[in-house]
Amino acid sequence: MPHNNQLILLNLAKDFAFEYLNHLDTANVIPDTNALESLNVFDEALPIQGNQATDTITKLASIGNKTTVNYNTGRYFGFVNGGVYPVGIAARWLADTWDQNAALNIMSPIGAKLEEVCENWVTELLGLPKQSKMGLVTGTSVATLCGLAAARYRLYQRLQWDVQVNGLIGAPRLRIIMGKQTHGTVTKMVSLLGFGSAAIEWVECDAQGRMLVDKIPPLDKQCIVILQAGNVCTGAFDDFKTICNTANAVGAWVHIDGAFGLWAAASQQFRALTHGMELADSWSVDGHKTLNTPYDCGLILCQDSEALVHAMQQTGSYIDLAQDSQRDGMLYTPDMSRRARGIDLWAVLHHLGQKGVANLVETLHQHAVYLAGELKDSPITVLNEVVFNQVMLQCDSPELTQTLLAKIQASGVIWCGGAQWQGQPVIRISICSWKTTQADMDITLKTILNCLKS
Ligand SMILES: Cc1ncc(COP(=O)(O)O)c(C=O)c1O
């Protein structure tokens, strides 16, 4: 395609993106039925002849612009999805235009450099040990996989079993210690790594989902202990200091799943929640949740870089790993070719600075506290201690809770999801977007109360 046509195409995409953004503030958070029906336009056979690129983009954008779920309205509270900072989008546009592959330094010096800078910044911001290494993957699920793979390598190596060579058949059994409120993605990764669900020793939790320390079984050097910085429903944090000290004394490995909560450590106000987390061996966290980077951005941080590198090892006659002074991102990740997500992570961190990240975390919390406080005198019960950005609601009966949730979801004004907590349905409000303002919280409150009355 001649250079000029590329510009026309990118300008067209930009115009559609601007059109989308211009309508965002007044848009519903979810697409309506008519818009969803328009998705059927895509049900066509793969064209035999190709189409003009401008026609392809026009078709995509004219349907796509009205069928998105709009996280960036400031009124979307589903899952822990977060929003995206414009600086992140702009950096990603550039990175995508540059078409960088972040596997090796030689493939993308800028990708490698910015990953390294982010590794230093994040380690410092979160108060993790200086020697920690960072791999950038798709999200916390895969980051947890990497942390557990590093644990598996190191514990087996200490038991003189080379798991890379011998695999798991005939290996001494490792024990996986985790709370009953651990996120489902962790269980999935435990299973993908071949530990088997029989290896899991489930620990009882308190009403907020924190592991009960005195229910943790005796640990030993064959244990991987998985803790949580931010329960997906309540936002609760485990007691890292006590548990890490016990685990470290016997040579167990500790991994912390901090998908959205690890960023609490960036704020003076919330650092106490993560007290002692630096005593763990590995941590997983997302950029695309609390930090509001573009998808997909998961960070594995590991203070035992040798274990991480060994667990992720790959060779090939055509792969020339960089020498000491340079950094090859694929040393720390399961995949080789990857988009250069360090570029947009860098841009968001560079734009926010330490104060900006702290301010973001504190603002999300303030919104959560405000909502919970305003609902106190309503017939809705706030079930959790609002320690971070999650608010968990329940009505007088399971039926009422489910009806309220359905009405909220149908409103289109705000959106949140449901879950089961101690066997009962709950409504989860996850305040995770930089876009959310006090006005959004007032609309949210009004919508919830209107849905309750209607
Ligand atoms: C505590 C926790 N762990 C792990 C995950 C999975 O993260 P991801 O979807 O980025 O893989 C989530 C997602 O919400 C989470 O809240």
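Over what distance in Å are the Cα centres of the stretch 189-227 and the stretch 28-88 separated?
First find each Cα centre; the distance between them is then 40 Å.
Of all DSSP beta bridges in the chain, what percent run antiparallel (nearest 5)?
Numbers: 24 of 41 bridges.
Of all bridge pairs located within the chain, approximately 60 percent are antiparallel.
To the nearest 500 deg cm²/dmol, what mean residue ellipticity at 222 nm is calculated for the chain from DSSP H runs of n ≥ 4 alone, each contributing -39,500 (n - 2.57), summed and divided by the residues? Before the final figure, lay out each step's value.
Details: 13 runs with 186 residues, N = 454.
About -13500 deg cm²/dmol.
Would you list the P(r) distribution for the stretch 246-360, with all Cα-Cα distances sorted into 5 Å bins from 0 and each bin expressed as a whole %?
Values per bin, smallest distances first: 2, 10, 16, 20, 19, 16, 11, 5, 1, 0, 0.
From Cα pairs below 8 angstrom and at least 6 apart in sequence, can you work out the relative contact order of the stretch 3-68, rounded to a whole percent?
Numbers: 26 pairs, mean separation 38.9, N = 66.
Reported as a whole number, the value is 59 percent.
Straight-line reach from residue 215: which aspartates and glutamates have a Cα under 16 Å away, not including same-chain ones fewer than 8 places off?
Leaving aside aspartates and glutamates fewer than 8 places away in the same chain, those within reach of residue 215 are 201, 204, 206, 238, 239.
Take every Cα pair under 8 Å in the chain that's 6+ residues apart, average their separations, divide by the length, and report that relative contact order as a whole percent. Intermediate results must be reported in sequence, preceding the final value.
Values: 849 pairs, mean separation 102.3, N = 454.
Computed over the chain, the figure is 23 percent.
Whose amide H sits under 5 Å from the amide H of residue 421, counting only residues 5 or more places off or on another chain, with H placed in the peptide plane?
Amide H neighbours of residue 421: 426.
Quick query: amide H of residue 176 versus all other amide H atoms, modeled in the peptide plane; which residues come in under 5 Å with a sequence gap of 5 or more or a different chain?
200, 201, 224
Provide, as a two-decimal number, the C-alpha radius of gyration of the stretch 1-74 over 2.2 N^0.38 Å, N being how many residues it has.
Numbers: Rg = 14.3 Å, N = 74, 2.2 N^0.38 = 11.3 Å.
Cα-based Rg divided by the globular estimate yields 1.27.
Loop only by DSSP, 13 or fewer other Cβ within 10 Å of the Cβ. Give me the GluC sites (Glu not before Pro) in the stretch 16-95 that pass, ordered by residue number. Please list the in-between numbers first.
On the way: sites: 19, 37, 44; in loops: 44.
The qualifying sites are 44.
Where does the chain land on Rg(C-alpha)/(2.2 N^0.38 Å)? Please list the in-between numbers first.
Working: Rg = 23.2 Å, N = 454, 2.2 N^0.38 = 22.5 Å.
The chain yields a ratio of 1.03.
List the lysines whose Cα sits under 24 Å from the Cα of residue 446, skipping any in the same chain fewer than 8 residues away.
Correct list for residue 446: 376, 407, 435.
Which aspartates and glutamates have a Cα lying under 17 Å from the Cα of residue 14, excluding residues fewer than 8 positions away in the same chain?
Filter leaves 55, 96.
Expressed as cubic angstrom per residue, what is the convex hull volume of the alpha carbon set of the stretch 307-428? Write out the running numbers ahead of the final one.
On the way: hull volume 25.8 nm³, N = 122.
Per residue, the Cα convex hull of the stretch 307-428 comes to 212 Å³.
How much of the calculated P(r) for the stretch 216-309 lies past 23 Å, in percent of all Cα pairs? If you can, show how the numbers build up before the last one.
Details: 1050 of 4371 pairs.
That tail contains 24 percent of the Cα-Cα pairs.
With an 8 Å Cα cut-off and a minimum separation of 6 or more residues, compute the relative contact order for the stretch 93-348 in percent. Present the calculation step by step, with values, prior to reporting the outcome.
Values: 511 pairs, mean separation 80.8, N = 256.
Over the stretch 93-348, the number comes to 32 percent.
No lab work stands behind these numbers, since they all come straight from the coordinates. Computed from a predicted model, the values in this text were never measured in an experiment. All Cβ positions, even for glycine, are placed from backbone atoms using ideal geometry, and neighbour counts span all protein chains on display.
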